[in-house]
1. Extending each Cα 7 Å along its Cβ direction at Q66 and A89, get the distance between those two points in nm, one decimal.
2. ³J(HN,Hα) across region 81-98 via Karplus (A = 6.51, B = -1.76, C = 1.60, θ = phi - 60°), whole Hz, x for Gly/Pro?
3. In square nanometres and to one decimal, what's the mean projected area of the convex hull around the Cα atoms of region 4-90?
4. With θ set to phi - 60° and the Karplus curve 6.51 cos²θ - 1.76 cosθ + 1.60, what are the ³J(HN,Hα) couplings of region 123-137 in order, to the nearest whole Hz, using x for Gly and Pro?
5. Cα axis of helix 6-22 to longest principal axis of the chain: angle in degrees, 0 to 90, nearest 10?
6. Please report, in debye to the nearest 20, how large the charge dipole of the chain is about its Cα centre when each Lys and Arg carries +1 at its beta carbon and each Asp and Glu carries -1 there.
7. When only C-alpha pairs under 8 Å and at least 6 residues apart count, what is the relative contact order of region 1-140, in percent?
8. As an exercise, find the ratio Rg/Rh for the chain from alpha-carbon atoms, using the Kirkwood inverse-distance average for Rh.
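Every number in this text was worked out from the coordinates using simple rules, so none of it is lab data. If you're wondering where the values come from, they're calculated on a predicted model, not measured in any experiment. Methodologically, a virtual Cβ is constructed for each residue, glycine included, from the backbone with ideal geometry; neighbour enumeration extends over all protein chains shown.
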Amino acid sequence: MAEPTLHAMHIAMAEKGKQAALAHRHDEALRLYRDAIRLAVSAKAPEVFFRHYSQCVMESLELTGQLDEVAHFCREADAHYRGLAVDSALHRKDHGSLLERLGAVLLKQGDVPAARQALEQATALAGKGVLPLAEQLQGWLARGLSCTPAQVLQAQRRHQYFVVRPGAVNEALARVAPAALPKGLNPQAAFA
């Protein structure tokens, strides 16, 4: 059997991280996602992998209540997007979904004015009908409804906001055993 490539290993690590997240072992998931990011960078993988793995990291952080970290990341990424000289539908959707995440997190933290602003920016960037969660949360705020963290989480799940969810993990890829990894990366225990 051929030795797995760095590309196969970062995908396997991320899928294994998703398994851990679904089992509510978010510390393990975060370690695996971060190792997958490092390997993807080492393998010079397309940016789509970094974006996806970062989204997985943000989900585990959000689900474990590390909302300040998520908000910080979202603000940094927002600044990055604003500095890009790209204007495509995909770019606007990606940027909008990042602001949607910021808005949801800010609502969970109780900062309604900042959440409203982030959600308005998200839907303005992405366009009508692209971010249904952002639109629903905006509707709640416009009607003066309360948005408890539990209500926001329920809406997130209903709109499939989380990419790490049952049925969205490639179990076969998660079983790929890694070969020798670059120095500093040792996820062997995760593949036992």
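1. Each label point is offset 7 Å from its Cα along the Cβ direction, giving 3.5 nm.
2. Karplus-based 3J(HN,Hα) across region 81-98 equals 4, 5, x, 7, 9, 10, 9, 10, 4, 5, 4, 5, 5, 4, 5, x, 5, 5 Hz.
3. 6.3 nm²
4. Taking θ as phi minus 60°, the curve returns 6, 5, 5, 6, x, 5, x, 8, 10, x, 5, 4, 5, 5, 4 Hz for region 123-137.
5. For 6-22 against the chain, the angle is about 50 degrees.
6. Working: 22 positive and 19 negative charges, 44 e Å.
Around 220 debye, computed over the chain.
7. Values: 151 pairs, mean separation 22.2, N = 140.
Relative contact order comes out at 16 percent.
8. Working: Rg = 17.6 Å, Rh = 17.5 Å.
That ratio is 1.01, to two decimals.
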